[in-house]
Every structure is written in structure tokens, then in C-alpha cells.
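Colleague: If you scroll down you'll find the structure; I have some questions about it.
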Amino acid sequence: MSIAAETAGVGAEGDRARFSDLYADVESYYSARVAKYGATPRGVDWSCQATQDLRFVQLLKLCDFSAPFSLNDIGCGYGALCAYLARRHPQAEIDYLGIDLSLAMISRARRRFSAPGRRFKVGKGSLRRATYSVASGIMNVDVGGCRRSWEAFVAGMLADLRRASLRGFSVNFVTGGTEGTAAADASPVQLYCTSPEPWIDYCERELGCTVETIDGYGLNEVTLLARCRDC
């Protein structure tokens with residue numbers, strides 16, 4: 001059975017309740033990580049800033065920096081992408097909104113990066129439609145439950161990203177290995193490793209996108225750039 005068939009209807013507001021325990025577990029897990037490691041890559045389960053930034057490079061290949069745009073950063077953590085944009089694209093006009101389940105994360109992001117054009121809020125997703133949406137790592141750490149439940153959860157997150165995006169969205173998936181996430185001293189979790197093909201098919205058939213894949217950048221993962229066909 002395809003992912004689309006197993007997750008039909010996932011992502012609508014009425015379906016959020018079925019994932020309430022998963023959302024709570026994700027929030028608890030990452031709040032504990034940032035409490036232990038602070039506003040650092042380890043605090044969001046990455047091994048170092050270099051690999052964290054390398055992921056941002058791939059995700060942002062979706063964006064056209066030659067014109068102003070709005071950006072939803074879903075699972076923004078302590079605001080690392082906001083800091084990266086300020087370093088690497090200081091002249092870009094970006095209306096940035098960071099969203100995260102964890103109040104502990106959002107509190108740190110607000111203290112460090114709040115400014116005109118930079119906002120942060122606690123939530124499961126964005127209520128606004130931005131030009132683009134990105135999500136780094138939020139599909140990868142399965143906090144519990146069976147694989148089928150987590151894949152339904154992932155499908156819902158992808159559907160939410162599609163609804164929140166005018167031109168497209170980008171995400172990454174672990175394809176194997178353990179580099180950069182779910183550190184050995186983390187709470188009991190498992191990596192969700194997958195081939196990209198089922199999710200490419202889901203984004204194309206169910207979400208109305210064309211999908212470009214990026215791999216071979218030195219990490220055991222793949223980045224999907226999903227562009228909306230109706231933009």
C-alpha cells in the first residue's frame with residue numbers, strides 16, 4: 001500500500017488530535033535537548049555548525065534571493081537558520097517567521113534574533129502562506145510509536161508545508177547512518193531512515209508539486225525541493 005493510501009486525509013486541522021501524543025513527545029524531546037546543550041547545534045541534535053549550515057545550503061536552493069520573499073521556518077529551534085541568513089545573505093529582503101513546538105526553543109530564538117522582519121512563535125505549523133517554507137530535520141527523529149504512525153505524521157507535516165507555501169517547500173530525510181542526529185546520549189529515539197522515492201511520489205501525486213532531489217553533499221541524507229505547480 002502506498003503512503004498516500006495509508007495517510008489519506010492526514011494534515012487537516014481535524015486530524016491533528018490523532019497526533020497529539022506525538023507532538024507532545026517531540027516537544028518534550030527537543031526542550032530537553034536545548035536545556036542540556038543550549039542554543040547550539042547539539043541542542044537540536046546536529047553534530048556541529050558546519051553540517052548544520054551545509055543542510056541550510058541545500059534547503060535554500062529552493063529560494064530566489066534576487067527578489068524579496070517571505071519564509072516559514074518550520075521546526076526553527078533556537079533560530080539557527082535566521083542567523084545563517086544574516087551571515088550568508090545579508091542584503092536579502094526576507095520576511096522570516098520561525099515556528100517551533102518548544103517554548104524553550106522559541107524563547108532562546110526571540111532573545112537572540114528578534115528584529116523587524118524576524119518573528120518567532122510556538123506552534124505546530126504556520127497559519128500564514130509564505131513564498132517558501134523550509135523544515136530541517138523535523139522528519140528524522142522518530143520519538144516513538146510504529147513506523148506507520150510516524151509516516152502518517154510525516155505526511156501530515158508535508159501537507160501542512162504545502163498549504164503554507166505559495167511557491168514551494170524544502171525538507172530533508174535521513175537515508176542511512178547516524179551522523180549528525182540522535183546523539184548517543186539522547187533520550188530513547190530512533191532515526192527515521194527512508195528512501196526518497198515514496199515521499200517524492202507523495203509530494204507529486206497528492207500535493208501537486210514537482211520535486212527536485214539533492215544528494216551527494218557528504219551526509220547520509222537527501223533534500224527534497226518541492227515546487228508548487230499552481231504558483
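The values are calculated or read from the model by the stated rules, or taken from the named source; none is laboratory data. Quick caveat: nothing in here was measured; it's all calculated off a predicted structure. FYI the Cβ positions are ideal-geometry reconstructions off the backbone, even for glycines, and counts take in every protein chain you see. Surface areas here come from the heavy atoms of the whole protein model, side chains and all, with no ligands, DNA or RNA. Shrake-Rupley method; radii C 1.70, N 1.55, O 1.52, S 1.80 Å.
Colleague: Among the residues of the stretch 132-178, how many are among the acidic types (D, E) and crowded, with 22+ Cβ neighbours inside 10 Å?
Modeller: Total satisfying the criteria: 2.
Colleague: List every residue pair whose Cβ atoms lie under 9 Å apart, where the two residues are 6 or more positions apart in sequence or sit on different chains, the first residue falls within the stretch 206-222 and is over 15 Å from L54 (Cα atoms), and the second residue, located anywhere, is at pLDDT below 95 and β-branched (V, I, T).
Modeller: Qualifying pairs under 9 Å: E206/I3; E206/T7.
Colleague: In the stretch 57-74, is there at least one residue being touching a helix residue (DSSP H, G or I) at 6+ places or on another chain (Cβ under 9 Å) and more than 19 Å from L225 (Cα to Cα)?
Modeller: No, every residue in the stretch 57-74 fails to be touching a helix residue (DSSP H, G or I) at 6+ places or on another chain (Cβ under 9 Å) and more than 19 Å from L225 (Cα to Cα).
Colleague: Working carefully through the options L85, L22, find the one that is free of Cβ contacts under 8 Å to residues at least 40 places away in the same chain, among the hydrophobic types (A, V, I, L, M, F, W, C) and open to solvent by less than 50 Å² (accessible area, probe 1.4 Å).
Modeller: L85
Colleague: Now a separate question. V189 passes all but one of (1) at pLDDT below 90; (2) open to solvent by less than 20 Å² (accessible area, probe 1.4 Å); which number fails?
Modeller: Only one criterion is unmet by V189, namely (2).
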